[in-house]
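Student: Quick one: the structure is below, and I'll ask about it shortly.
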Amino acid sequence: MVNNLLKNLSRIGLLLLLAILPILFHDNDHIMNIIILCLIWGVVAASWDLILGYANLFSFGHLSFFVIGGYASGLLAKYIGLTPWLGYIAGGIAAAIIGFLIGIPCLRLKGMYLAIVTFSLNFVLPTLIVWAGPGKFENFSTGGSWGLTRIPAPSLFGYVFTRQELVPWYYLSLGFFIMFLSIIYLIIKSNIGLAFIALRDAEPQAKSLGVNEYKYKLLVFALSAFIAGSAGAYYASYFSLISPASMNLDVFLIVLVMVLFGGLGVFPGAAIGAFIITIVNELLRPTLEWRLVILGTIVILTMMFMPKGIMDILALLGRLMKRILNIRRSSKSTPA
Amino acid sequence: MPIILETKQITKRFGELAAVNNLSFDVNEKEIFGIAGPNGAGKTTLFNVISGIYSGSGEIDYFGERIDRLRPFQVCLKGIARTFQIPTVFSTLTVYDNIRIGAHFGNHSLNEKKIINDVLEFIGLTEKQHIEAKHLPLFDKKLTMLGAALATEPKLILLDEPIGGLSPKEINESVELFKRINNELGITIIVIEHLMKVLMAISQRMMIIHNGEKICIGSPEEVARDKQVIEVYLGAEYA
């Protein structure tokens with residue numbers, strides 16, 4: 001009872017906080033931009049957690065799906081005139097197709113081997129993007145190492161979203177975040193999520209109980225890639241830019257830190273991790289190259305002392321609150 | 001009695017070692033068929049070959065249909081369920097969801113909820129259905145694993161040392177449960193067990209394997225009298 005009440009209260013409080021944030025920060029573009037990034041990386045981290053934490057597949061090429069989604073929607077918008085709204089879906093579909101294809105050779109791989117194969121995407125994809133740059137395809141150029149620029153922003157009822165006004169972008173991002181987090185939650189709670197968890201907890205037993213492991217492994221590759229790709233398309237339309245730098249090693253590491261710090265396979269840990277790490281990363285900017293050292297230390301400490309990441313801390317706080325409330329209640333009910 | 005499972009010269013090699021070697025035997029429908037043998041005799045390997053986790057050579061027929069090229073989930077959908085020697089449960093899921101896995105994925109029935117509730121009742125874990133499986137004691141873990149297998153509504157179930165590590169009281173309860181699975185649900189059982197007393201009490205027929213090979217097959221009395229079985233497995237006190 002107390003537990004449920006606390007959970008619901010904290011959920012409502014969190015949503016209210018998210019809804020009124022612009023009132024506090026609307027005239028500070030720097031802060032608004034960071035909050036919008038929190039929301040976008042929240043989606044990316046949660047989609048990565050779906051395959052890493054829930055399906056327990058060491059897919060280390062997840063950012064390439066993000067970048068593929070950005071390029072697919074950006075190219076379609078620039079050269080064919082596809083509206084960004086459809087671009088968000090198209091970017092997701094493009095990433096899901098690549099995710100599915102990557103999944104096929106990965107079906108029989110586990111652990112380290114799967115990690116190595118998928119990690120190689122981080123080197124293959126930027127090379128392909130640079131290769132397909134200006135001079136190669138005049139009418140469909142990726143823009144080479146500079147990246148694809150001037151990607152159009154969406155418009156709604158005649159209003160065109162612009163970087164000059166971040167409050168509308170914020171609410172759009174919040175809607176995007178809530179929609180994808182809800183989808184991820186529904187997947188986890190559905191029979192599809194049940195299959196992921198079954199294969200993670202005890203694969204031979206899951207198979208012997210009728211779970212078709214190939215089907216669900218391909219499905220988790222495609223689903224998590226779709227969400228990352230859609231987030232990539234959204235990111236590209238927000239910055240009107242997507243470039244190979246979006247999957248540099250430091251970006252990869254930071255997003256991995258988000259997932260690990262948030263907690264593997266404990267929804268919505270990864271999204272919370274994304275919020276905290278995005279902000280911490282911003283605060284650490286003055287430390288320059290020490291930033292990665294500090295983030296690395298955070299990962300080591302997380303892995304050692306709270307394997308479920310921030311969710312361990314939240315569970316601890318929840319227990320504490322419960323104890324405090326219970327003590328109050330029992331002291332009230334005892335007659336004087 | 002018609003034959004439910006027939007294996008023809010199945011062999012499984014790990015490098016030079018033949019863990020299962022040229023093994024042929026039949027199991028009749030509705031019987032309890034016991035398998036015993038020294039450690040490393042190839043009993044669990046045999047189950048892994050039948051359930052499709054390993055692929056070996058030779059032929060396995062289930063109701064006259066070849067199943068030796070099927071993947072584990074397909075073997076399950078044909079109607080063969082199994083449990084594991086080490087009690088494996090889906091540790092982060094509740095007892096209910098553990099059984100739901102079998103009812104949903106291993107069973108094409110539309111009446112998922114009824115099957116789960118019936119199974120919970122049958123194994124006696126209705127009251128513990130909301131407990132996360134990792135918090136269960138050993139016996140309840142074994143029951144949960146068995147329940148998930150039963151939820152696939154199999155015609156044949158393979159039990160791999162189902163009473164290992166249990167107390168005498170729990171062993172008695174288990175044996176009663178196996179008999180009910182066999183009698184009430186009409187499920188054929190192949191059971192691997194080290195406790196010869198129990199195995200002889202519940203099995204209609206038994207097979208003893210040693211070094212991956214069959215050394216004797218027959219009724220418990222026949223097996224207990226077999227000279228080779230006494231020599232390699234039972235020891236003198238059974239003679």
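Student: Out of region B:178-196, which residues are in a helix (DSSP H, G or I) and without any contact (Cβ under 8 Å) to a residue 12 or more places away in the chain?
Tutor: B:N183, the sole residue that qualifies.
Student: I would also like to ask the following. Scanning for something away from chain A (no Cβ under 11 Å), open to solvent by 10 Å² or more (accessible area, probe 1.4 Å), assigned to a loop (DSSP other than H, G, I, E, B) and among the charged types (D, E, K, R), does region B:40-60 turn up at least one residue?
Tutor: There is no residue in region B:40-60 that is away from chain A (no Cβ under 11 Å), open to solvent by 10 Å² or more (accessible area, probe 1.4 Å), assigned to a loop (DSSP other than H, G, I, E, B) and among the charged types (D, E, K, R).
Student: Among the candidates B:N48, B:N107, B:N28, which residue alone is in the same structural domain as B:F139 (by TED's automatic domain parsing) and within 16 Å of B:L156 (Cβ to Cβ)? Break it down into steps so the answer makes sense when it comes.
Tutor: Working: B:N48 fails: in the same structural domain as B:F139 (by TED's automatic domain parsing); B:N28 fails: in the same structural domain as B:F139 (by TED's automatic domain parsing).
The unique qualifying residue is B:N107.
Student: What are the residues in region A:62-92 that are within 13 Å of the chain's Cα centre (by Cα) and farther than 20 Å from A:S173 by Cα, if any?
Tutor: A:H62, A:S64
Student: Shifting gears a bit: Would you confirm whether any residue within region B:65-73 is in a loop (DSSP other than H, G, I, E, B) and touching a residue at least 60 places away in the same chain (Cβ under 8 Å)?
Tutor: Of region B:65-73, the ones in a loop (DSSP other than H, G, I, E, B) are B:67-71.
The next check asks that each one be touching a residue at least 60 places away in the same chain (Cβ under 8 Å); those that pass are none.
No, every residue in region B:65-73 fails to be in a loop (DSSP other than H, G, I, E, B) and touching a residue at least 60 places away in the same chain (Cβ under 8 Å).
Student: Are any residues in region B:19-39 without any contact (Cβ under 8 Å) to a residue 40 or more places away in the chain and over 20 Å from B:V198 (Cα atoms), and if so, which ones? Full working, then the answer.
Tutor: To start, the set of residues in region B:19-39 that are without any contact (Cβ under 8 Å) to a residue 40 or more places away in the chain comprises B:26, B:39.
Within region B:19-39, just B:D26 meets the criteria.
Student: Looking at (1) more than 13 Å from every other protein chain (Cβ to nearest Cβ); (2) touching a Ser or Thr at 6+ places or on another chain (Cβ under 8 Å), find the lone condition where B:F122 falls short.
Tutor: If we test B:F122 against (1) more than 13 Å from every other protein chain (Cβ to nearest Cβ); (2) touching a Ser or Thr at 6+ places or on another chain (Cβ under 8 Å), just (2) comes out false.
Student: Tell me which residues, restricted to region B:74-86, are at the interface with chain A (Cβ under 8 Å from one of its Cβ atoms) and part of a loop (DSSP other than H, G, I, E, B).
Tutor: B:F84
Student: Taking region A:146-175, which residues are open to solvent by 20 Å² or more (accessible area, probe 1.4 Å), in a helix (DSSP H, G or I) and under 30 Å from A:I129 (Cα atoms)? Spell out the reasoning first.
Tutor: Keep residues of region A:146-175 that are open to solvent by 20 Å² or more (accessible area, probe 1.4 Å), which gives A:146, A:149-150, A:152-153, A:155-160, A:162-165, A:167-168, A:171-172, A:175.
If we keep only those that are in a helix (DSSP H, G or I) as well, we get A:146, A:167-168, A:171-172, A:175.
A:W146, A:L172 - these are the residues of region A:146-175 that are open to solvent by 20 Å² or more (accessible area, probe 1.4 Å), in a helix (DSSP H, G or I) and under 30 Å from A:I129 (Cα atoms).
Student: Return yes or no: is B:F90 farther than 22 Å from B:L156 by Cβ, among the aromatic types (F, W, Y), surrounded by 17 or more Cβ atoms within 10 Å (Cβ to Cβ) and within 11 Å of chain A (Cβ to nearest Cβ)?
Tutor: On the way: farther than 22 Å from B:L156 by Cβ: yes; among the aromatic types (F, W, Y): yes; surrounded by 17 or more Cβ atoms within 10 Å (Cβ to Cβ): yes; within 11 Å of chain A (Cβ to nearest Cβ): yes.
In short, yes.
Student: A:F176 - would you say it is within 21 Å of the chain's Cα centre (by Cα), among the aromatic types (F, W, Y) and within 30 Å of B:K141 (Cα to Cα)? If you could, list the steps in order and put the result at the bottom.
Tutor: On the way: within 21 Å of the chain's Cα centre (by Cα): yes; among the aromatic types (F, W, Y): yes; within 30 Å of B:K141 (Cα to Cα): no.
It is false that A:F176 is within 21 Å of the chain's Cα centre (by Cα), among the aromatic types (F, W, Y) and within 30 Å of B:K141 (Cα to Cα).
Student: Kindly evaluate A:W48 against the criterion of being touching a His at 6+ places or on another chain (Cβ under 7 Å) and assigned to a helix (DSSP H, G or I). I'd like the intermediate steps shown before the answer.
Tutor: Details: touching a His at 6+ places or on another chain (Cβ under 7 Å): yes; assigned to a helix (DSSP H, G or I): yes.
It is true that A:W48 is touching a His at 6+ places or on another chain (Cβ under 7 Å) and assigned to a helix (DSSP H, G or I).
Student: Right, here's the next one. Taking A:F119 and the conditions (1) open to solvent by less than 20 Å² (accessible area, probe 1.4 Å); (2) closer than 26 Å to A:N56 by Cα; (3) of a type in the set (F, W, Y), which numbered condition does it fall short on, given that it satisfies the others?
Tutor: (1)
Table: residues versus (1) among the charged types (D, E, K, R); (2) part of a helix (DSSP H, G or I); (3) touching a residue at least 24 places away in the same chain (Cβ under 8 Å); (4) within 13 Å of another protein chain (Cβ to nearest Cβ).
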{"position": "B:D140", "(1), (2), (3), (4)": "yes, yes, yes, no"}
{"position": "B:A148", "(1), (2), (3), (4)": "no, yes, yes, yes"}
{"position": "B:I163", "(1), (2), (3), (4)": "no, no, yes, no"}
{"position": "B:I171", "(1), (2), (3), (4)": "no, yes, yes, no"}
{"position": "B:E176", "(1), (2), (3), (4)": "yes, yes, no, no"}
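Student: May I ask you to verify whether A:G210 is more than 14 Å from chain B (Cβ to nearest Cβ) and not β-branched (V, I, T)? Outline the logic, then answer.
Tutor: Working: more than 14 Å from chain B (Cβ to nearest Cβ): no; not β-branched (V, I, T): yes.
So A:G210 fails the test.
Student: Go through (1) open to solvent by 30 Å² or more (accessible area, probe 1.4 Å); (2) in a helix (DSSP H, G or I); (3) within 12 Å of chain A (Cβ to nearest Cβ) and name the single condition B:N98 misses.
Tutor: Result: B:N98 fails condition (1) only.
Student: Would you tally the residues in region B:152-173 being closer than 11 Å to B:L195 by Cα, of a type in the set (A, V, I, L, M) and crowded, with 19+ Cβ neighbours inside 10 Å?
Tutor: Final tally of qualifying residues: 1.
Conditions (1) more than 17 Å from A:F221 (Cβ to Cβ); (2) within 14 Å of chain B (Cβ to nearest Cβ), marked per residue:
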site: A:L125; (1), (2): no, no
site: A:G144; (1), (2): yes, no
site: A:G147; (1), (2): yes, no
site: A:L156; (1), (2): yes, no
site: A:R163; (1), (2): yes, no
site: A:G193; (1), (2): no, yes
site: A:E203; (1), (2): no, yes
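The values are calculated or read from the model by the stated rules, or taken from the named source; none is laboratory data. Note that the structure is a prediction, hence the values are computed from the model and not measured. Positions of Cβ are generated from backbone atoms using ideal geometry, with glycine treated the same way; all protein chains shown enter the neighbour counts. When the accessible area is computed, the model is the full protein with side chains, heavy atoms only, and any ligands, DNA or RNA have been set aside. Shrake-Rupley method; radii C 1.70, N 1.55, O 1.52, S 1.80 Å.
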